[in-house]
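The values are calculated or read from the model by the stated rules, or taken from the named source; none is laboratory data. Here the structure is a predicted model, which means the values were calculated and not measured. Because the Cβ atoms are built from the backbone with ideal geometry, glycine has one as well, and the counts that use them run over all protein chains shown. Areas reflect the complete protein model, heavy atoms only, side chains present, ligands, DNA and RNA absent. Shrake-Rupley method; radii C 1.70, N 1.55, O 1.52, S 1.80 Å.
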Amino acid sequence: RELPSCLKVSTEKAFAEKRKAGWGAAAPQMVGVWEVMVCFDKKLKDDEPLPGEGVVFVVRKAGCVASSAGWMAAGDRAIEGEVRERFGPDELLVELEGPELLSLPQEHVGGCSYAFPFKMTVGGLHFLRITLLRTNFSAVREDDHLYQRPYFDDVLGELKVFVFEGQGFVQGSNKMVRQALRRVHGASGGEGGPPACDMSKGATEVGRWVMNTPAPSQVISPQDASLGSFTPKPSVFCPVCEVRKPPHRACGSGRQWIVDPRKYDWVPYACQYPQHTDASASACVKGKRILFSGDSHTRTFFNAFMDKVCKVPAAAQKGHATSQCHSPNATSPCHTAYLCMEHNYLGWVDATLNPDWWDVIVANFGQHPACGAHHWTQTEFRNWFDNYMALVLRRLKDQKDRKGGQTRFVWYSSNAMPIARDKMMTASDDWRTNQRLQMYEWYAKARIDVLQEENGWLGRGQLLYMDSFSPTLPLQEAADGDCGHFSVASYQRPTINQLLNFVCPKL
């Protein structure tokens, strides 16, 4: 695509400085390999902030292997072309971090050139970081059953700083920033706020994380911009493995966060999800029977839901690879609800998935099909998903024909895979990458769209898709505890609120 204004982002000086700092052989791997530009559809003016909408172009100048073929299973060769067109051979992580947190979608535009479009509405100082994770289609290839180790190579050699225009752009006044953030977080359909999202078919709105508690040290204008305004701190603590980077990069990616990702809310661009209070959440689940069916990622969602909505702490819940039910006592806000978690990591349609027993069924599989024990190809996932959904719909139709039932079925998409390379990943030849999981979910979303149209007997909002991949992708380096799960309830807050809106379409 052609855009009238581009800023070339220099990398050579940064790598020269790293060599002087003793990075040894780590830095030369990236010197002269990449060209980076940030482009906009309007002309730029000196001494003015950059437009809040544009594209980061990352172009590989050396070592492109875009012509290689035959790296997916025989039954997936048609899908190979789809992967080549969408992703290209490299897996890159391009992030903007500031008043908004964005992980930009990767689009292959041919010849190992990649476009990462972005849009932000809260302006101010943002940091750009670009990380090379994998090459030669290793994020999605199916001809190698070994663990595809990520590199964590820093394409830029350092953080780059940009000042963008937007509602939050200020000339030294944080009061204006707070006013802008209040507009972004405005009440659904209220004055100054976006309209309410249509959730009749699911929660799939494109969005981003926006700071919810701005402080003078976190929202920066050009007048007071300085790295000293932030306190970088590591947020990932995993076992040290073999690394391609200096020691401070050894724990997972070793990400040094500039801001605190816990102080952000997930906000769609075009609309606003109704937000539940503690009182409306407990009223919503009153008398409801809800089943969560899935793997440990579904369990952490269940745990977070129980903690935030029912005030049942994690200490009162069972751990990994367990099924459990909670009928909270009279002191709990959910004391009339019946909430269960079924450990069902490969999508077995068993007796528990009986619509007669539940008002809402929340189900997922995807992480385990891609893990080292199973290595499902894209075709295997698609076939299993189709058979699973056919059986689920058969049970919903039977319930409707017998008793006019309206049990809601919610497909809870796979979370993004937190970046880690501890022994849980390396020792099991794990296949989980975010490109592979995203391919799974693109298919699941497309199929649910078709099933909603083909099955006219379904009630409004009875078959739903809930996107948890997009909100967790920008936080893939903010996983807690075992580095494999998003266990902090605040990171689960968007999906908790989405589920409450499915259970209770009207507050």
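Expressed as a whole percent, the proportion of Cα-Cα pairs in region 278-332 lying more than 15 Å apart is 46%. Which value, in Å² and to the nearest 10, is the accessible area of H145 when all protein chains are kept and the probe is 1.4 Å? In the full protein context, H145 sits at about 100 Å². In the complete set of protein chains, residue-level accessible area for V450 is approximately 50 Å², probe 1.4 angstrom.
Taking every C-alpha pair closer than 8 Å and separated by at least 6 residues, the mean separation divided by the residue count of region 379-473 gives a relative contact order of 45 percent. Summing charges over all other residues whose Cβ lies under 13 Å from the Cβ of W348, with Lys and Arg as +1 and Asp and Glu as -1, gives -3.
Computed with a 1.4 Å probe over protein heavy atoms only, the accessible area of W348 comes to about 110 Å². Specify whether the C-alpha gyration tensor of region 67-152 places it in the rounded, prolate or oblate class, a ≥ b ≥ c being the square roots of the eigenvalues: rounded for a/c under 1.5, otherwise prolate if a/b is larger than b/c and oblate if not. Because a/c hits 1.5 or more and a/b exceeds b/c, region 67-152 counts as prolate. Each Lys or Arg adds one and each Asp or Glu subtracts one; over the other residues with Cβ under 13 Å from the Cβ of G404, this totals +1.
For region 358-414, the spread of Cα coordinates along the three principal axes comes to 43, 18, 14 Å, biggest extent given first. Each of the peptides 40-49, 462-471 was scored by the mean count of other Cβ atoms within 10 Å over its residues; in descending order, highest first, they stand as 462-471, 40-49.
Figure note: Y114, Y443 ranked by solvent-accessible area, largest first, 1.4 Å probe, ligands and nucleic acids not counted: Y443, Y114.
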